[in-house]
1. Could you please tell me which pairs satisfy a Cβ distance under 7 Å, a separation of 6+ or placement on different chains, a first residue in the stretch 11-40 that is touching a residue at least 24 places away in the same chain (Cβ under 8 Å) and on the phi > 0 side of the Ramachandran plot, and a second residue that is surrounded by fewer than 13 Cβ atoms within 10 Å (Cβ to Cβ) and not aromatic (Phe, Trp, Tyr)?
2. Six or more apart or on different chains, Cβ under 7 Å: which pairs go from a residue in the stretch 66-78 that's farther than 25 Å from Ile45 by Cα to one that's at pLDDT 95 or above and part of a helix (DSSP H, G or I)? Could you list them?
3. Tell me which residues, restricted to the stretch 133-151, are exposed (fewer than 14 other Cβ atoms within 10 Å of the Cβ) and within 17 Å of Glu26 (Cβ to Cβ).
4. Could you list, in sequence order, the residues of the stretch 136-151 that are aliphatic (A, V, I, L, M), closer than 28 Å to Gln82 by Cβ and modelled with pLDDT of 95 or more?
5. With Ser2, Ser22, Ser17 as the choices, which residue is at pLDDT below 95, in contact with a strand residue (DSSP E or B) (Cβ under 6 Å, 6 or more places away or on another chain) and of a type in the set (Ser, Thr, Tyr)?
6. Which residues, taken from the stretch 10-33, are in a helix (DSSP H, G or I) and over 27 Å from Gln144 (Cβ atoms)?
7. I need the full set of residues from the stretch 54-86 which are in a helix (DSSP H, G or I), over 30 Å from Gly7 (Cα atoms) and open to solvent by 60 Å² or more (accessible area, probe 1.4 Å), in order please.
8. For the stretch 100-147, how many residues meet the condition of being over 26 Å from Gly55 (Cβ atoms), among the charged types (D, E, K, R) and either free of Cβ contacts under 8 Å to residues at least 60 places away in the same chain or in contact with a Gly (Cβ under 6 Å, 6 or more places away or on another chain) (or both)?
Amino acid sequence: MSITVNGIDELKKRAGSDLGTSEWIEVTQERIDTFADATGDHQWIHVDPERAAAGPFGAPIAHGYLTLSLFIPLFTELLDVQGVTTKVNYGLNKVRFPSPVKAGSRIRLVAGLTEVEDVPGGVQITVDGAIEIEGGAKPAAVLQSLSRFYA
């Protein structure tokens, strides 16, 4: 369920709050193959299901950066900021990939709005997130993301 805030002042009031949990999405082999095509990373552990089945994870796995890229669509399910002119990804402070995402697995995001700080023309938010794997003991990714919203 998305939290909607109207403008920067409302966003500031949300600092330090839990944003909740997104819906599950499936990471299909087709998505992995498409990402491989887009990035040129065709390592067998991602795109060769037969060889990967005999590899260290017993199945093809998603690229770590594919998992990371899914942060944005998952995050937009959690927080909708209205009343701003521009929304930009500013970067990352921390990223780790504790567990691989096997093809066919489902993932979701659990996140919190850690900080909202003023920047010229708007605010920068810090979001702490964990991308969980359904049934997994460890998350697929743990990250701290920075975004900017301009008035």
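The values are calculated or read from the model by the stated rules, or taken from the named source; none is laboratory data. Everything numeric in this text was worked out from a predicted model, so none of it was measured. With ideal geometry, Cβ positions are generated from the backbone for all residues, glycine too; neighbour counts draw on all protein chains shown. Quick note on the areas: whole protein, heavy atoms, side chains included, nothing else; ligands and nucleic acids left out. Shrake-Rupley method; radii C 1.70, N 1.55, O 1.52, S 1.80 Å.
1. Going by the 7 Å Cβ cut-off, the qualifying pairs are Gly20/Met1.
2. Short answer, once both residue conditions are applied: none.
3. Within the stretch 133-151, Glu134, Gly135 qualify.
4. Once the filter is applied, which keeps residues that are aliphatic (A, V, I, L, M), closer than 28 Å to Gln82 by Cβ and modelled with pLDDT of 95 or more, the stretch 136-151 yields Ala141, Leu143, Leu146.
5. On the way: Ser22 fails: at pLDDT below 95; Ser17 fails: at pLDDT below 95.
The conditions single out Ser2.
6. Gln29, Glu30, Asp33
7. Tyr65
8. First, the residues of the stretch 100-147 that are over 26 Å from Gly55 (Cβ atoms): 109-129, 144-147.
Pick out the ones that are also among the charged types (D, E, K, R) and you get 115, 117-118, 128.
Now narrow it down to the ones that are either free of Cβ contacts under 8 Å to residues at least 60 places away in the same chain or in contact with a Gly (Cβ under 6 Å, 6 or more places away or on another chain) (or both): 117-118, 128.
Final tally of qualifying residues: 3.
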